[in-house]
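Asker: Below you'll find the structure I mean.
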Amino acid sequence: MTAHEVSWELDGITMYGTLVRPDGAGPFPSVVLVAGSGPTDRDWCSPLLPGTNGSGRLLADALAETGIASLRYDKRVSGPHAAENVPKLIGKLSMQSHLDELVAAVGTLAAEEYVDASRIVGLGNSEGTLHVLHYAVSAQDIPFVGIVLAAPPGRPIREILLAQLGLQAAQLPNGDELMELVRAATDRYEAAQPMDPDPQIPEQVRMVLASFETPANLPLARELWSEDATRTLSEVKIPTLVLIGAHDLQVDMHADGDPLQAAAAGMPNITFAFPPSANHVLKHETRTAAEVIATPGNGYNADDARLDPEALQTILSWVESAARPAVGGD
């Protein structure tokens, strides 16, 4: 395989990504990889988490070994150019702005001579699944042939946030009392008031809450708060793989998976998979939840972390099938 950086312009800002081309002449089916929330970069690494062994890069390499090209990209507020871009995007970050980034990335990928533009799959992780869903249910010049939703939320973001913070609070002696204060802050936000988190709440948690009110994150944060992936999923017409690992601490295979399955009832185009040892970023995980939480950055991108074999094989097999040429094709 070969990999090289590409760039393109979007609304006066240069975006950057990595194209990975398998050996051979092509044209190849391909995947555009969409990273999760915040400053998560094209490799699915974040400056907020230690380690650089990102699942996005590992997935791209595995896809290439299977004969599938890919493009992964830095959102305009992630990667090495984030600091210079953020001031230009204050008040402009939205679900639409993220969809615009994805549309531009797909166009860049489809323009490569070795890519079959009729066989492009969208693969998103966490928040990235929402942008892939929005692309799939909207009219696009280059439609996806299928989508993979890795760790999609099936509950309102408020519920997921409280569940995640609850796991952290459970490790503290006064965790229940702190969660009551957190819920009060989110109730105020729900009522369109300032969160005004109580000073007793640990600083790290107050920073998470504050991120939903930071001007640089608006209006995106407000839109995310009310986003309903189950409604969007029920509108998808193309082949779709929904994958949630049993060791995912951010998204739950039951609390999120059950509403998504209910929304997809009677839809043969949607397939569900729940690999028992996969975590939120598709890495192989055998530790307990308490052990994971006690590890800096949950150990997501540690040097020895590897993609979960079952999750990886499920994705590779599904993408190969979804992107298979039509009878009589090349």
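The values are calculated or read from the model by the stated rules, or taken from the named source; none is laboratory data. Since we're looking at a predicted model, the values are computed, not measured. FYI the Cβ positions are ideal-geometry reconstructions off the backbone, even for glycines, and counts take in every protein chain you see.
Asker: It is to be established whether one or more residues within the range 32-47 are of a type in the set (Asp, Glu), within 23 Å of residue 95 (Cβ to Cβ), free of Cβ contacts under 8 Å to residues at least 24 places away in the same chain and assigned by TED's automatic domain parsing to the domain that holds residue 285.
Answerer: Within the range 32-47 (the criterion being of a type in the set (Asp, Glu), within 23 Å of residue 95 (Cβ to Cβ), free of Cβ contacts under 8 Å to residues at least 24 places away in the same chain and assigned by TED's automatic domain parsing to the domain that holds residue 285), the answer is no, since none of the residues qualifies.
Asker: Hey, can you tell me all the residues within the range 65-79 that are of a type in the set (A, V, I, L, M, F, W, C) and either more than 15 Å from the chain's Cα centre (by Cα) or outside any loop (DSSP other than H, G, I, E, B) (or both)?
Answerer: Taking the range 65-79 and keeping what is of a type in the set (A, V, I, L, M, F, W, C), we get 68-69, 71, 77.
The answer is 68, 69, 71.
Asker: Still on this model: Considering only the range 281-291, how many residues are at negative phi and either in contact with a Ser or Thr (Cβ under 7 Å, 6 or more places away or on another chain) or not assigned by TED's automatic domain parsing to the domain that holds residue 148 (or both)? Break it down into steps so the answer makes sense when it comes.
Answerer: Narrowing the range 281-291 to residues at negative phi: 281, 283-291.
Imposing the further condition that a residue be either in contact with a Ser or Thr (Cβ under 7 Å, 6 or more places away or on another chain) or not assigned by TED's automatic domain parsing to the domain that holds residue 148 (or both) reduces the set to 281, 283-286.
Residues meeting the conditions: 5.
Asker: With the requirement that a residue be assigned to a loop (DSSP other than H, G, I, E, B) and surrounded by fewer than 14 Cβ atoms within 10 Å (Cβ to Cβ), what does the range 290-305 give you?
Answerer: Across the range 290-305, the qualifying residues are 294, 295, 303, 304.
Asker: Look at residue 310 and say whether it is part of a helix (DSSP H, G or I) and surrounded by 14 or more Cβ atoms within 10 Å (Cβ to Cβ).
Answerer: On the way: part of a helix (DSSP H, G or I): yes; surrounded by 14 or more Cβ atoms within 10 Å (Cβ to Cβ): yes.
Here the answer is yes, as residue 310 does meet what is asked.
Asker: Continuing with the same structure: Considering the range 153-171 alone, what residues qualify as being in a loop (DSSP other than H, G, I, E, B), farther than 21 Å from residue 228 by Cα and either of a type in the set (Val, Ile, Thr) or touching a residue at least 12 places away in the same chain (Cβ under 8 Å) (or both)? Step through it out loud before you land on a result.
Answerer: Of the range 153-171, the ones in a loop (DSSP other than H, G, I, E, B) are 153-156, 170-171.
Among the residues that remain, those that are also farther than 21 Å from residue 228 by Cα are: 170-171.
Matches in the range 153-171: 171 only.
Asker: I want to confirm something. Restricting to the range 64-74 and keeping residues that are under 11 Å from residue 42 (Cα atoms) and free of Cβ contacts under 8 Å to residues at least 60 places away in the same chain, which single residue is surrounded by the most Cβ atoms within 10 Å (Cβ to Cβ)?
Answerer: Applying the first criterion (under 11 Å from residue 42 (Cα atoms)) to the range 64-74 yields 71-74.
Okay, now just the ones that are also free of Cβ contacts under 8 Å to residues at least 60 places away in the same chain, so 72-74.
Details: 72: 26, 73: 28, 74: 23.
Result: 73.
Asker: Further question on the same structure: Does residue 278 meet the test of being touching a Gly at 6+ places or on another chain (Cβ under 7 Å) and either in contact (Cβ under 8 Å) with a residue 60 or more places away in the chain or surrounded by fewer than 17 Cβ atoms within 10 Å (Cβ to Cβ) (or both)?
Answerer: Numbers: touching a Gly at 6+ places or on another chain (Cβ under 7 Å): yes; either in contact (Cβ under 8 Å) with a residue 60 or more places away in the chain or surrounded by fewer than 17 Cβ atoms within 10 Å (Cβ to Cβ) (or both): no.
It is false that residue 278 is touching a Gly at 6+ places or on another chain (Cβ under 7 Å) and either in contact (Cβ under 8 Å) with a residue 60 or more places away in the chain or surrounded by fewer than 17 Cβ atoms within 10 Å (Cβ to Cβ) (or both).
Asker: Go through 287, 306 for me and flag whichever is basic (Lys, Arg) and over 20 Å from the mean Cα position of the chain (by Cα). Explain how you work it out, then say what you get.
Answerer: Numbers: 306 fails: over 20 Å from the mean Cα position of the chain (by Cα).
Matching residue, one of 287, 306: 287.
Asker: Does residue 24 qualify as being surrounded by fewer than 21 Cβ atoms within 10 Å (Cβ to Cβ), in contact (Cβ under 8 Å) with a residue 24 or more places away in the chain and not charged (D, E, K, R)?
Answerer: Details: surrounded by fewer than 21 Cβ atoms within 10 Å (Cβ to Cβ): yes; in contact (Cβ under 8 Å) with a residue 24 or more places away in the chain: yes; not charged (D, E, K, R): yes.
So residue 24 passes the test.
Asker: Do we find a residue being of a type in the set (Phe, Trp, Tyr) and within 18 Å of the chain's Cα centre (by Cα) anywhere in the range 9-25?
Answerer: Here is the first cut: in the range 9-25, the residues of a type in the set (Phe, Trp, Tyr) are 16.
This time we only want the ones that are within 18 Å of the chain's Cα centre (by Cα), so: 16.
Within the range 9-25 (the criterion being of a type in the set (Phe, Trp, Tyr) and within 18 Å of the chain's Cα centre (by Cα)), the answer is yes, since at least one residue qualifies.
Asker: Tally up the residues in the range 207-254 that are of a type in the set (A, V, I, L, M) and either part of a helix (DSSP H, G or I) or surrounded by fewer than 15 Cβ atoms within 10 Å (Cβ to Cβ) (or both), please. Talk me through it step by step, then tell me what you get.
Answerer: From the range 207-254, those of a type in the set (A, V, I, L, M) are 207-210, 216, 218, 220-221, 224, 229, 233, 236, 238, 241-244, 246, 249, 251, 253; that's our starting set.
Filter once more, keeping what is either part of a helix (DSSP H, G or I) or surrounded by fewer than 15 Cβ atoms within 10 Å (Cβ to Cβ) (or both): 207-210, 216, 220-221, 224, 229, 233.
Here the count works out to 10.
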